[in-house]
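Heads up, the thing below is written out as structure tokens.
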Amino acid sequence: MEKQLKVIFSGAQPTGSLTLGNYIGAIQNWKELERDYECYYSIVDLHSLTVKQDPDDFKQANLSFLAQYLAAGLDPKKNVLFFQSHVREHTELAWMLSCFTYMGELSRMTQFKDKADKHKDNINAGLYTYPVLMAADILLYQADLVPVGDDQRQHLELCRDVALRFNNAYGETFTVPHIYLGKIGARIMSLQEPLKKMSKSDENQNGVIHMLDPKDVIVKKLKKAVTDSMNAVKYNDAQPGVQNLMIIHATLSGWTMSEIEAHYQDKGYGTFKMDIAELITGLTEPFREKYAHYMKNPDVLKDVYVNGAERASKKADVTMTLVRDRLGLV
Ligand code: TYM
């Protein structure tokens, strides 16, 4: 079967709200790819069940995430935007793939180790088999490319190994996907601990910029951002705080690192930080407005996710018919 356009799949977990890390590491790239690819962008709600969720809050967070996808500029006509749980084949394929994934492989996943460490009272099987569901998400749509941040690299490698293992055993069934990382910004760090990834659930929320943060909060977080005593805007590993801020600047302004260095040569960190706050709010203020508009229009959201699930299901059905046949299911 000849494919016309190459396929993209990616997703984000609907917990809390999107961070600047999610936007720069993933969503900014999703938007660029929508022009040339057949894109499936999911709200991977089932993945979020690996940690306990309050049902009312979770329902709200799910809708809020769809509104955030739209506010970020993802066009529902060009992209298939949908909830993972609306396409039942994700879990069906996940079961099958779990029979092709080794315990040893899952035990090596650093995210599992980190999360198990963080949620010691709830180290459930879902947390452990999470990467298998993620592989199913991707392989179900025969994705060629998966635009994600650097933290998903290991999961992507596992997905490729499982796809190859299945293909070797049963003949060509799955497209073996490639990771797509942006040139810069694949790992945005915490503003408070620049050696740690910026993460939605960080205990120190001063380190995390949320796309829905009001302007004054963003300015405050930037003012508090950890730098160093060198007072030099230079791109190097000895200044991780400054380096992270320069990456944020570059991805939002389009400037090169040398342009940034030259511009701030005689200016202090204060000016540098406030310019970055300006760049961020230039992005987040219109984002917040669009978000509020979509949240006031639940019918629009419903149209998008119903239509998205229909389109995604069609593709998923073709893959699953092939997979069931390959496995010898009657
Ligand atoms: P999630 O929800 O943690 O993050 C969504 C996307 O944002 C990227 N990201 C970052 N990029 C740069 N800097 C950061 N600080 C940063 N934090 C997050 C993530 O790499 C991701 O691309 N397991 C996935 C969701 C998922 C998925 C999939 C992704 C489930 N199935 C299939 C791709 C394909 C996750 O938890 O992403």
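Observations, loosely collected:
- Some residue of segment 44-54 being within 14 Å of the ligand (Cβ to nearest atom), in contact (Cβ under 8 Å) with a residue 60 or more places away in the chain, in contact with a His (Cβ under 8 Å, 6 or more places away or on another chain) and part of a loop (DSSP other than H, G, I, E, B): yes
- Of all residues in segment 74-100, those satisfying the criterion of being in contact with a Ser or Thr (Cβ under 8 Å, 6 or more places away or on another chain) and either among the small types (G, A, S) or part of a loop (DSSP other than H, G, I, E, B) (or both) are V87, A94, S98.
- Flag if A116 is among the aliphatic types (A, V, I, L, M), surrounded by fewer than 16 Cβ atoms within 10 Å (Cβ to Cβ) and in contact with a helix residue (DSSP H, G or I) (Cβ under 7 Å, 6 or more places away or on another chain): yes
- Cβ pairs under 7 Å, 6+ apart, first in segment 210-237 and of a type in the set (F, W, Y), second surrounded by 14 or more Cβ atoms within 10 Å (Cβ to Cβ): Y235/Q243; Y235/M246; Y235/M257; Y235/E261
- Selection from segment 55-64 of residues that are more than 14 Å from the ligand (Cβ to nearest atom) and touching a residue at least 40 places away in the same chain (Cβ under 8 Å): F58, L63
- Annotation: E34 fulfils all but one of (1) more than 12 Å from the ligand (Cβ to nearest atom); (2) over 25 Å from I248 (Cα atoms); the unmet one is (2).
- All positions within segment 1-31 that are part of a strand (DSSP E or B), buried (at least 23 other Cβ atoms within 10 Å of the Cβ) and more than 7 Å from the ligand (Cβ to nearest atom): I8
- If you go through segment 53-76 and keep only what is farther than 26 Å from G282 by Cβ and charged (D, E, K, R), you end up with D54, D56, D57, K59.
- Residues that are in the same structural domain as E278 (by TED's automatic domain parsing), loosely packed, with under 15 Cβ neighbours inside 10 Å and more than 13 Å from the ligand (Cβ to nearest atom) number at least 2 in the following helices (runs of 4 or more DSSP H) confined to segment 121-233: 215-224.
- Evaluation of D117 against (1) free of Cβ contacts under 8 Å to residues at least 12 places away in the same chain; (2) assigned to a helix (DSSP H, G or I); (3) within 22 Å of I27 (Cβ to Cβ) (one fails), failing number: (3)
- Out of D36, D45, sole residue that is surrounded by fewer than 19 Cβ atoms within 10 Å (Cβ to Cβ), within 29 Å of P286 (Cα to Cα) and in the same structural domain as K315 (by TED's automatic domain parsing): D36
- Helices (runs of 4 or more DSSP H) contained in segment 240-330 and holding at least 2 residues in contact with a Gly (Cβ under 6 Å, 6 or more places away or on another chain): 240-253
The values are calculated or read from the model by the stated rules, or taken from the named source; none is laboratory data. Bear in mind that the values here come from a model prediction, so they are computed numbers and not experimental data. Virtual Cβ from ideal backbone geometry, glycine too; neighbours counted across all protein chains shown.
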